[in-house]
Amino acid sequence: MRFGFWTGNGQSWEDTLEGCIHAERTGWDGIWYADHFMPNEENVDQPIHEAWSILAAIAASVPRVRIGPLVAGNTYRNPALTAKIAATIDHISNGRVVLGIGAGWQENEHEKYGFDFSTVKGRLDRLDEAVEIISSLLLNTRTNYTGEHYVVLDAPLDPKPVQEKIPIMIGGGGKKRTLRTAAMHADEWNYWGMPNDIAELCQVLDNHCHELGRDPNTIQRSACALMFISDDASKLSRFREQDFGRATIIGTPSEVVEIVGEYADLGLDELIVPDFTFGPMERKKTSMDLFIEEVAPHFR
């Protein structure tokens, strides 16, 4: 089982790089970065870095680990441009890119930057077309595609990625559309969720695969969850009483081992841990090390 480190995009570049270097040196398997331009709240006057730019810098600065957006919003870029960016960073990283992509959901970014927000159906329709175009560009000498939303004509993508095939990760939990898109096109699938959530959605994904004649085992699965981990159980008590509005793992190392074990029993390939709850750098490193030294070895 792999363990990915998701570093928050509101940090300074210096702190981002320090955290990512520490993650690589201490044995984490991946570095992930959200694709957003502003906070999803009323006060948008907060620093947020652009994902692909940061990933290119990480690719040049941090060896070994897989890197990718979690996940790129399809509505923010033409899919041919997304493919070109991913292939370029794959060269910078010597073949370590994962192209995470989703339909896009954060409305204020679309409104303030003039991106077409469309409807849920419209965004999902665009995602289907985009993944077809991206997949073709990454693999074929020329791509021709005429869809409802995108057109590419005799389009090259050169140089091709270093990898024989950049893995495409679809992010999202929509049972009817997103998981069907994953079943059709994805090499990997990701979702925020606790083990029970992931179990249910994995079954839906499997069902879509069977309907499409695809082996479900050809799609790797990963989950994200916030984490509070400490050797001191008393420090965790106040977090256990809070509702963080998303999947959250809270516990001592032994308790976290039990929860990660539930993910592992589902056949999960990767657990991605955001640093959003880890605090300032030295405290962050303490939490990262506690997890990677006392939890991760049980699943490797």
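General remarks:
- Look at the range 185-205: where a residue is under 14 Å from residue 269 (Cβ atoms) and β-branched (Val, Ile, Thr) and a partner is outside any helix (DSSP H, G or I) and modelled with pLDDT of 95 or more, sitting 6+ places away or on another chain with Cβ atoms under 7 Å, you get 198/191; 198/223; 198/266; 198/268.
- Residue within the range 109-127 that is in contact with a strand residue (DSSP E or B) (Cβ under 6 Å, 6 or more places away or on another chain), at positive phi and modelled with pLDDT of 95 or more present: no
- Output for the range 75-121, where each listed residue is part of a helix (DSSP H, G or I) and either hydroxyl-bearing (Ser, Thr, Tyr) or in contact with a Cys (Cβ under 6 Å, 6 or more places away or on another chain) (or both): 75, 76, 82, 88, 113
- Some residue of the range 93-108 being at pLDDT 95 or above, acidic (Asp, Glu) and buried (at least 18 other Cβ atoms within 10 Å of the Cβ): no
- Taking the numbered list (1) hydrophobic (A, V, I, L, M, F, W, C); (2) assigned to a loop (DSSP other than H, G, I, E, B); (3) over 17 Å from the mean Cα position of the chain (by Cα) in turn, residue 166 passes all entries but (3).
- Residue within the range 228-244 that is outside any loop (DSSP other than H, G, I, E, B), within 30 Å of residue 94 (Cβ to Cβ) and touching a strand residue (DSSP E or B) at 6+ places or on another chain (Cβ under 9 Å) present: no
- Residue 5 buried (at least 16 other Cβ atoms within 10 Å of the Cβ), among the hydrophobic types (A, V, I, L, M, F, W, C) and within 22 Å of residue 220 (Cα to Cα): yes
The values are calculated or read from the model by the stated rules, or taken from the named source; none is laboratory data. Bear in mind that the values here come from a model prediction, so they are computed numbers and not experimental data. Using ideal geometry, Cβ is built from the backbone for each residue, glycine included, and neighbour counts are taken over all protein chains shown.
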